[in-house]
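This report concerns only the one structure given below.
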Amino acid sequence: AAYEQEITAFTPENIEELEQYRIKFLGTKGIVKALFGEMKNVPNDRKKDFGQVLNRFKLLAEDRYAAFEDLKNTGAKGAANVDGTLPASPLRLGTRHPISLVRNKIIRIFERLGFSIAEGPEIEDDWHNFTALNLPENHPARDMQDTFYVSRNPDWMLRTHTSSVQVRVMEEGKLPIRIICPGRVYRNETISARAHCFFHQVEGLYIAENVSFADLKQTLYHFVQELFGADTRIRFRPSYFPFTEPSAEMDISCFICGGVGCNVCKHTGWVEILGCGMVHPNLLRNCGIDPDKYTGFAFGMGIERITMLKYQIKDLRLFSENDTRFLSQFEGAV
Ligand code: PHE
């Protein structure tokens, strides 16, 4: 009880007094430790009561110490000396990465059209990354995407596109399908201002009855108007992908110069932003979907490319270098 009184009355004037208190009550040779050491001499039937009293005493001693702990930081006497009206030191928030910003924008546009998000593994097997997508073994188009294989087993690889996720969703067999697949993909390319060994994609897939190329066009037209502005026009150029037939690459009118000609569009007035097409019937068959009943469209775009266009970033490597001089330029962007 005498100690309790001493503790409650304790009001240190300076750090030294506080430290003396700590040594006396809370130190390794202090009173609290010593009392706990007495436990072994207490008869068993009184141990419980004694322990409770001790614990309460220990907390009391610790709380009193904690109440004056800011003496150590400020040298001042307790909370009474803190000026609560002073402005706090600024709290630097991080910024969203530009790739995340653009990915979220893309996702939000397609979500409003009723697309849901599908994700899948980054380490894929040959079936989901290639074979099911109408790229059987020895198909020359496999060379279009320089693949990283995982270990010596050629059946395992880092996915080269998120089309593998589309295969997984098609295999589940729940129709209609309306998904977008955002995610990181890997290709064995020399790192430069325009290429990297990994990048990010958003691919889309819509499969239902009577889906036509007109649906594809209208969906993508709406998309670019939302992302790049209402004046944006689109054009399709015939192309080739093993998983779509017919296939196309889509350009948008240059949103910098409006099509007149500038450095971004290299004075053509157009910039390419994605590949697309009608889902090849072989794919549907591979995934157990009846191609006589269902048709679909698919598209795929690189987020880095779109981000570079949108923010006029000239070097792809900036995205993965974590240089805060670059990243902080996106402060406050959502
Ligand atoms: N998977 C293609 C790529 O990664 C993109 C694509 C998707 C093209 C769907 C057409 C249709 O390059």
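Could you go through the stretch 256-271 and let me know if any residue there is modelled with pLDDT of 95 or more, polar (S, T, N, Q) and out of contact with any helix residue (DSSP H, G or I) (no Cβ under 6 Å at 6 or more places or on another chain).
No, because not a single residue in the stretch 256-271 is modelled with pLDDT of 95 or more, polar (S, T, N, Q) and out of contact with any helix residue (DSSP H, G or I) (no Cβ under 6 Å at 6 or more places or on another chain).
Restricting attention to the stretch 202-227, which residues are among the small types (Gly, Ala, Ser) and touching a strand residue (DSSP E or B) at 6+ places or on another chain (Cβ under 6 Å)?
Scanning the stretch 202-227 gives a single hit, GLY204.
Taking the conditions exactly as written (closer than 30 Å to GLN312 by Cα and open to solvent by 90 Å² or more (accessible area, probe 1.4 Å)), does GLU119 satisfy them or not?
Judged against the criteria, GLU119 is a match.
Could you check the stretch 145-233 for strands (runs of 3 or more DSSP E) lying wholly inside it with 3 or more residues that are modelled with pLDDT of 95 or more and either more than 14 Å from the ligand (Cβ to nearest atom) or open to solvent by less than 10 Å² (accessible area, probe 1.4 Å) (or both)?
Here the list reads 177-186, 198-208.
From the list GLU249, GLU321, which residue is within 16 Å of the ligand (Cβ to nearest atom) and closer than 25 Å to ARG159 by Cβ?
Checking each option against the conditions leaves just GLU249.
Condition first: exposed (fewer than 15 other Cβ atoms within 10 Å of the Cβ), free of Cβ contacts under 8 Å to residues at least 40 places away in the same chain and among the acidic types (Asp, Glu). Can you find one or more residues in the stretch 250-260 that meet it?
So far as the stretch 250-260 goes, no, none of its residues is exposed (fewer than 15 other Cβ atoms within 10 Å of the Cβ), free of Cβ contacts under 8 Å to residues at least 40 places away in the same chain and among the acidic types (Asp, Glu).
Would you list the helices (runs of 4 or more DSSP H) that sit entirely within the stretch 261-334 and hold 1 or more residues that are crowded, with 18+ Cβ neighbours inside 10 Å and at negative phi?
Per the criteria, 281-286, 303-311.
How many of the residues making up the stretch 128-138 are out of contact with any Leu (no Cβ under 9 Å at 6 or more places or on another chain) and closer than 21 Å to LEU205 by Cβ?
Total meeting the criteria: 5.
Would you mention how many residues in the stretch 267-311 are closer than 15 Å to GLU209 by Cα and either within 16 Å of the ligand (Cβ to nearest atom) or of a type in the set (A, V, I, L, M) (or both)?
The total comes to 10.
Do the conditions hold for THR244, that is, is it within 16 Å of the ligand (Cβ to nearest atom), surrounded by 14 or more Cβ atoms within 10 Å (Cβ to Cβ), over 26 Å from the mean Cα position of the chain (by Cα) and of a type in the set (Val, Ile, Thr)?
yes
Hey, among the residues in the stretch 143-168 that are farther than 19 Å from GLU203 by Cβ and free of Cβ contacts under 8 Å to residues at least 24 places away in the same chain, which one's nearest to the chain's Cα centre (by Cα)?
Of everything passing the filter in the stretch 143-168, TYR149 is nearest to the chain's Cα centre (by Cα).
The values are calculated or read from the model by the stated rules, or taken from the named source; none is laboratory data. Just so you know, these numbers come straight off a predicted model, no measurement behind them. Virtual Cβ from ideal backbone geometry, glycine too; neighbours counted across all protein chains shown. Calculation scope for accessible area: heavy atoms of the full protein, side chains included, ligands and nucleic acids excluded. Shrake-Rupley method; radii C 1.70, N 1.55, O 1.52, S 1.80 Å.
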